[in-house]
1. Quick check: is even one residue across the range 67-87 more than 28 Å from residue 181 (Cβ to Cβ), at pLDDT 95 or above, part of a loop (DSSP other than H, G, I, E, B) and not hydrophobic (A, V, I, L, M, F, W, C)?
2. The conditions are (1) touching a residue at least 12 places away in the same chain (Cβ under 8 Å); (2) polar (S, T, N, Q); (3) within 21 Å of residue 257 (Cβ to Cβ); (4) surrounded by fewer than 18 Cβ atoms within 10 Å (Cβ to Cβ), and residue 151 fails exactly one of them. Which is it?
3. Restricting to the range 184-197, what's the tally of residues that are under 23 Å from residue 169 (Cβ atoms) and more than 13 Å from the chain's Cα centre (by Cα)?
4. Identify, please: which residue in the range 1-38 is among the charged types (D, E, K, R) and outside any loop (DSSP other than H, G, I, E, B) and is, among those, surrounded by the fewest Cβ atoms within 10 Å (Cβ to Cβ)?
5. If a residue must be part of a helix (DSSP H, G or I) and within 22 Å of residue 196 (Cα to Cα), how many such residues does the range 39-60 contain?
6. Filter the range 117-148 for residues that are among the polar types (S, T, N, Q) and surrounded by fewer than 22 Cβ atoms within 10 Å (Cβ to Cβ); which is farthest from residue 179 (Cα to Cα)?
7. Across the range 1-38, which residue is modelled with the lowest pLDDT among those that are farther than 20 Å from residue 92 by Cβ and of a type in the set (Val, Ile, Thr)?
8. Pull out all pairs, ordered by first then second residue, where Cβ-Cβ is under 8 Å, the residues are six or more apart or on different chains, the first lies in the range 180-194 and is more than 10 Å from residue 134 (Cβ to Cβ), and the second is small (Gly, Ala, Ser) and in a helix (DSSP H, G or I).
Amino acid sequence: MSNAPPYVEGHNLLKGKSVLLTAAAGTGIGFATAKRCLEEGARVMISDIHERRLGEAQTRLADETGQKPATLLCNVTKEEEVQTLIKGAVAELGHVDVLINNAGLGGSAAVVDMTDEQWNAVIDITLTGTFRMMRAMLPHMIERKAGVIVNNASVLAWRAQELQAHYAAAKAGVMALTRCTALEAAAHNIRINAVAPSLAMHEFLNKVTSDELLAELTSREAFGRAAETWEVANVIVFLASDYSSYMTGEVVSVSSQRA
């Protein structure tokens, strides 16, 4: 957007770190975070459910950063694929310092009209998928006595919006999962935090959201614009880095919404 700030250059915040990201294909926060991690000096593996888009993301990241991330397909609703992803990441990267859980599914439906299938799909990908990834990754991090996990939540877990009950419930679950698991993991020197973006503009969101709703959501932001996806990625990188060494069980809102 024309009034967005200039892109922030990398400062090696993740130098020497290995990072695994889910749902990193496409144009959203996942891709922006993968790019930011590469620019901050990390070795990266990206995952997604879409084979073609994952390959395109790998090529684009290599073109834009000069570094080619490893890739592996994964559907976070399938336990066997989650286990294969964790094993593949460890084999490719040597170990995983940082797991970034970005996989999620949205949609719009009133509760009175919502089907079990709609509800279950959003919960299974957004909440249970995050749980599966954490459950599979934690033994590796516990064995190493080190690790960081960053989950992607949403301000909708705090702030009500019509037609978003399933998504908001799933993201509220991600927040609670983050806080509770952080307490369990702290004894093993593992930190677990989450980001809660409000409105981050990207191509897919533009396609599935009406102009009227986008205008209304943008009007709620103090800066009068949506966040750039890389602005959310910057906060994820901060939480993944040693600069946030005393933070665990926290949910950081990435928004400019009016009080």
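1. Our first condition is that a residue be more than 28 Å from residue 181 (Cβ to Cβ); within the range 67-87, this holds for 67-68.
So of that shortlist, the ones also at pLDDT 95 or above come out as 67-68.
Now narrow it down to the ones that are part of a loop (DSSP other than H, G, I, E, B): 67-68.
Then drop every residue that is not not hydrophobic (A, V, I, L, M, F, W, C), which leaves 67-68.
Checked the range 67-87: at least one residue is more than 28 Å from residue 181 (Cβ to Cβ), at pLDDT 95 or above, part of a loop (DSSP other than H, G, I, E, B) and not hydrophobic (A, V, I, L, M, F, W, C).
2. Failed condition: (4).
3. Taking the range 184-197 and keeping what is under 23 Å from residue 169 (Cβ atoms), we get 184, 192-197.
Filter once more, so that each one left must be more than 13 Å from the chain's Cα centre (by Cα): 184.
The total comes to 1.
4. Kept after step one, since they are among the charged types (D, E, K, R), are these residues of the range 1-38: 9, 15, 17, 35-36.
The next check asks that each one be outside any loop (DSSP other than H, G, I, E, B); those that pass are 35-36.
Values: 35: 24, 36: 29.
Step by step, filter the range 1-38, then rank; the result is 35.
5. Pass one, the range 39-60, residues part of a helix (DSSP H, G or I): 39, 51-60.
Now restrict to residues that are within 22 Å of residue 196 (Cα to Cα): none.
Qualifying residue count for the region: 0.
6. Let us first name the residues in the range 117-148 that are among the polar types (S, T, N, Q), namely 118, 120, 126, 128, 130.
If we keep only those that are surrounded by fewer than 22 Cβ atoms within 10 Å (Cβ to Cβ) too, we end up with 118, 120, 128.
Values: 118: 26, 120: 23, 128: 15 Å.
Among residues in the range 117-148 that are among the polar types (S, T, N, Q) and surrounded by fewer than 22 Cβ atoms within 10 Å (Cβ to Cβ), the one farthest from residue 179 (Cα to Cα) is 118.
7. 27
8. So the pair list comes out as 191/182; 191/185; 191/244; 193/182; 193/244.
The values are calculated or read from the model by the stated rules, or taken from the named source; none is laboratory data. Here the structure is a predicted model, which means the values were calculated and not measured. Please note: Cβ atoms are built from the backbone with ideal geometry, for glycine as well, and neighbour counts cover all protein chains shown.
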